[in-house]
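The values are calculated or read from the model by the stated rules, or taken from the named source; none is laboratory data. Small disclaimer: the values here were computed from a predicted structure and weren't measured. Note that we place each Cβ from the backbone using ideal geometry, even for glycine, and neighbour counts take in every protein chain shown. Calculation scope for accessible area: heavy atoms of the full protein, side chains included, ligands and nucleic acids excluded. Shrake-Rupley method; radii C 1.70, N 1.55, O 1.52, S 1.80 Å.
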Amino acid sequence: MPVVLNKVLKELKSQIVSNNIPVHVAVVMDGNGRWAKQHGKPRVFGHKNGVKSIRDVSEAAAELGIKYLTLYAFSTENWNRPALEVNALMTLLVETIRKEVATLNKNNIRLQAIGDISRLPEKSRKALAKAIEDTAQNNMMTMVLALNYSSKWELTKAVIDIAKQVKENKLDLGSIDESVITRHLATKDIPDPELLIRTSGELRLSNFLLWQLAYSELYFTDTYWPDFNKEEFFKAIISYQSRERRFGKTSEQLISNTSNIN
Ligand code: IPE
Ligand code: IPE
Ligand code: MG
C-alpha cells in the first residue's frame, strides 16, 4: 500500500474510539452498474469489481471489532433485471464464495445468509451451504449475506409462522410481543444494526431490514460500491460515532445518565 494512503488510513483509524464500535453494521452495496458505465464497461464489470470492496470492508470491520456485517447482495426485486445480468450475478456469487472461503477462514470470519435461499439456483445454494459449513467455527466476525432477501418477504413469513403456531395452540395470542416477532425473523440470532450504510447516493432502504433498522443510524455516501474501501468505511464509523442516539429521550437525559456513571 502506498505510504500516503497508509497515512490517511492510520489518521482516520486514530479518530475512531474503541468504546463505541457498532456491534452490527448493515450495508446496501449499490452503484455497481453506474460505476461500470462510468468506466465504459458492461454492468457485470461493476459487479466483479464490487467483490474487492466486500473484501476491503470485511477486513476493516473485523479490524475494528465489529461482530456482524450484513451485506445486501441480491434482493427479491433484483430477479426483475435482465436474465443475462441475473445469471452473471448468480455465477459471480458461486465463484466468489468458493474463492473467498480460504480468506474468511484466515480472518476467522463466519459466513451466514438471510433470504429465501431455496429459490436460488442449485449451484449457488450448494456453494453457499458449503461455505457456511466450512466457516461455522470462526468467531471473530459474522458476515451475513442477504440473498434473495426482502424485508416484506421476511415479515410475511414471520406472520404466517406465528399464525400457524397460534392456530395449532402452540402459541398464546396474548403472548405475542416484539420479542416473538424478532424470534421469527431471518435475523433471529443477530442484534439489530446500529448503523446502515448505503452507497451510490440513493436515499432509500429498498426493502432491506425494515424491522431491524427501526432505530439504526443511517449513513449515505455518493461513492459507488466498487470505489468504497477501508477508508470510506472508517469515515462511516467516524460519522456514526458523532451521532447522539437518543432512543426517544432528551439530550439532557443522556448527559445526566453519563454523569451518573462517572
Ligand atoms: C448494486 O449495484 C448491486 C446489486 C443490486 C446486485 P447496482 O447493480 O444496483 O448498480 P446501479 O444502482 O445500477 O448503479
Ligand atoms: C438494492 O439495490 C439491492 C442490493 C443492493 C442488492 P438496488 O439497486 O436493487 O435498489 P433499487 O432498485 O435501486 O432501489
Ligand atoms: Mg442499484
Seminar exercise, completed: Charge tally for neighbours of Val23 with beta carbon under 14 Å away, counting Lys, Arg as +1 and Asp, Glu as -1, is -2
Exercise. Under the classification rounded if a/c is under 1.5, otherwise prolate if a/b is larger than b/c and oblate if not, where does region 114-255 fall, given a ≥ b ≥ c as square roots of the Cα gyration tensor eigenvalues?
Worked result: oblate
Seminar exercise, completed: In a Gaussian network model of the chain with springs linking alpha carbons closer than 10 Å, the residue among Lys170, Lys130, Lys188 that fluctuates most is Lys170
Exercise. Classify region 55-169: rounded, prolate or oblate, from the alpha-carbon gyration tensor (a ≥ b ≥ c, eigenvalue square roots; a/c under 1.5 rounded; otherwise prolate if a/b is larger than b/c)?
Worked result: oblate
Problem set entry | Estimated 222 nm signal from helices in the chain, with DSSP H stretches of n ≥ 4 weighted -39500 (n - 2.57), rounded to 500 | -15000 deg cm²/dmol
Problem set entry | Candidate aspartates and glutamates for bridging to Lys157, where Cα separation is under 14 Å - those fewer than 8 sequence places away on the same chain excluded | Asp116
Problem set entry | Accessible carbon and sulfur surface of the chain relative to its total accessible area, %, 1.4 Å | 53
Problem set entry | Most to least packed among 245-252, 80-87, 9-16 [average Cβ atoms within 10 Å] | 9-16, 80-87, 245-252
For this session: State the answer as a single residue: which of Ser175, Ala163, Ile238 lies farthest towards the positive end of the charge dipole of region 131-242, with beta carbon charges of +1 for Lys and Arg and -1 for Asp and Glu, about the Cα centre.
Result: Ala163
Exercise. Once the other residues with Cβ under 12 Å from the Cβ of Asn148 are scored (Lys, Arg +1; Asp, Glu -1), what is the net sum?
Worked result: -1
Problem set entry | Set of lysines with alpha-carbon distance to Lys10 below 19 Å, sequence-local pairs under 8 removed | Lys230, Lys235
Problem set entry | Dipole axis of region 1-93 (+1 Lys, Arg; -1 Asp, Glu on Cβ), positive-most option in Asn80, Gln38, Leu9 | Gln38
Exercise. Which value, in Å² and to the nearest 10, is the accessible area of Ser256 when all protein chains are kept and the probe is 1.4 Å?
Worked result: 50
Problem set entry | Radius 13 Å from Cβ of Arg43, net charge of other residues (Lys, Arg +1; Asp, Glu -1) | +3
Exercise. Which value, in debye to the nearest 20, describes the size of the charge dipole of region 68-186 about its Cα centre when Lys and Arg Cβ atoms bear +1, Asp and Glu Cβ atoms bear -1, and nothing else is charged?
Worked result: 320
Exercise. Across region 10-18, in residue order, what do the Karplus-derived ³J(HN,Hα) couplings come to in whole Hz, using 6.51 cos²θ - 1.76 cosθ + 1.60 with θ = phi - 60° and x for Gly and Pro?
Worked result: 4, 4, 5, 4, 5, 7, 8, 8, 6
Exercise. Taking the Cα centre of the chain as the origin, how large is its charge dipole in debye, to the nearest 20, when only Lys and Arg (+1) and Asp and Glu (-1) carry charge on their Cβ atoms?
Worked result: 660
Exercise. In terms of solvent-accessible area of protein heavy atoms at a 1.4 angstrom probe, what is the ranking of Thr221, Thr182, highest value first?
Worked result: Thr182, Thr221
Seminar exercise, completed: Taking the alpha-carbon centre of each part, the distance from region 183-262 to region 102-144 in Å is 24
Seminar exercise, completed: Given Cβ charges of +1 for Lys and Arg and -1 for Asp and Glu, the option among Met140, Leu93, Leu210 whose Cα lies farthest towards the positive end of the dipole of the chain is Leu93
Problem set entry | Amide hydrogen neighbours beyond the local backbone of Asp192, cut-off 5 Å, H modeled | none
Problem set entry | Tensor-based shape of region 172-255 (alpha-carbon gyration tensor, a/c under 1.5 rounded, otherwise prolate or oblate) | oblate
Problem set entry | Student exercise, region 191-262 dipole from Lys, Arg, Asp, Glu Cβ charges, in Debye to nearest 20 | 200
Exercise. Rolling a 1.4 angstrom probe over the protein heavy atoms, how many square angstrom per residue are accessible across the chain?
Worked result: 55
For this session: With a cut-off of at most 11 other beta carbons within 10 Å, and DSSP calling the residue loop, which chymotrypsin sites (Phe, Trp or Tyr not before Pro) in region 148-219 qualify? Please list them.
Result: none
